[in-house]
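For reference, the structure discussed in these notes is given below.
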Amino acid sequence: MTTTFRSRSIGVLISGRGSNLQSIIDAVADGRLDARIAVVVSNRADAAGLQRARDAGIEALHLPARDYADRNAYDRALADLLTARGVELVCLAGFMRLVGDPLLGAFPNRILNIHPSLLPAFPGLDAQRQALEHGVRVTGATVHFVNTDLDDGPIVVQTAVPVLDGDSVETLAARVLVEEHRLYPEAISLVLEGGWSIVGRRFVRAARS
Ligand code: GRF
């Protein structure tokens, strides 16, 4: 059975500057991504991305973890909030929390994340620093489905970025970020098209006639 979506409503979860959120907003605005951003939620009040959402006329909410007894309670609140707004696909864009069972259960294979490395290399924090220090010649960005483990779920798309001799963490991260901004809207579009399934760990699109 391949996946289909009832609507193209997405929710975006952020914790910080929100440049990937902006790339999604821009892609929707200029027609590259046929989707509606129903809501943006941040666990941090000072996330610059909240203002980016408001500037685009999108509902932007701060949901502080300290208001909830534990991670499950927080994730349940998130799931309720997203479901109430008709969200069909959740996009993590610099959301600095592990996602737990209540949210994963409410959106099975319907939560995406973007990570600034070629997973499974360099999961977790400071992926670009990890790549530079390891000495790889090529790194990149990955959009993947979220599961209970950090940066671990089935991979939707990846793109490669060369590591140059003179790179610092900052120059490398900046070049990776340019690719992230192209890749994430494309990945969301691909996923929302439906007609795919997860086979083992693989994202498999049905053959087209
Ligand atoms: C991006 O590098 C993304 O890949 C990672 O966190 C960073 C978020 O940046 N998950 P921004 O908030 O989208 O600007």
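Here are the numbers:
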{"item": "Structure-based [θ]222 nm, the chain - -39500 (n - 2.57) summed over DSSP H runs of at least 4, per residue, nearest 500", "result": "-10500 deg cm²/dmol"}
{"item": "Amide H partners (placed H, <5 Å) of residue 203, local residues excluded", "result": "155"}
{"item": "Nonlocal amide H pairs with residue 60, under 5 Å, H built at 1.01 Å", "result": "40"}
{"item": "Surface/4 estimate of mean projected area, convex hull on alpha-carbon atoms of the range 1-117, nm²", "result": "7.7"}
{"item": "Tail fraction, Cα-Cα pairs, the chain, threshold 32 Å, whole percent", "result": "14"}
{"item": "Cβ-based charge dipole, the range 1-154, positive-most Cα from 154, 47, 104", "result": "47"}
{"item": "Student exercise, the chain dipole from Lys, Arg, Asp, Glu Cβ charges, in Debye to nearest 20", "result": "500"}
{"item": "For the range 129-144, Karplus couplings with θ = phi - 60° (6.51, -1.76, 1.60), whole Hz, Gly/Pro x", "result": "5, 4, 5, 4, 5, 6, x, 5, 8, 9, 10, x, 9, 9, 10, 9"}
{"item": "In order through the range 159-168: 3J(HN,Hα) via Karplus (6.51 cos²θ - 1.76 cosθ + 1.60), integer Hz, x for Gly, Pro", "result": "9, 9, 9, x, 9, 8, 3, x, 5, 9"}
{"item": "GNM result for the chain, Cα springs below 10 Å: residue of 66, 129, 36 fluctuating most strongly", "result": "66"}
{"item": "Phi-based couplings in Hz for the range 62-69 (Karplus 6.51, -1.76, 1.60; Gly and Pro marked x)", "result": "9, 10, x, 4, 5, 7, 10, 5"}
{"item": "Under 14 Å, Cβ to Cβ, from residue 186 - net charge with Lys/Arg +1 and Asp/Glu -1", "result": "-3"}
{"item": "Sorted by Cβ density within 10 Å, fewest first, the residues 7, 117", "result": "7, 117"}
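Quick note: the coordinates plus some simple rules give every number you see, no bench work behind them. Everything quoted here is computed from the prediction, not taken from an experiment. Cβ: placed from backbone, ideal geometry, glycine included. Neighbour counts: every protein chain shown.
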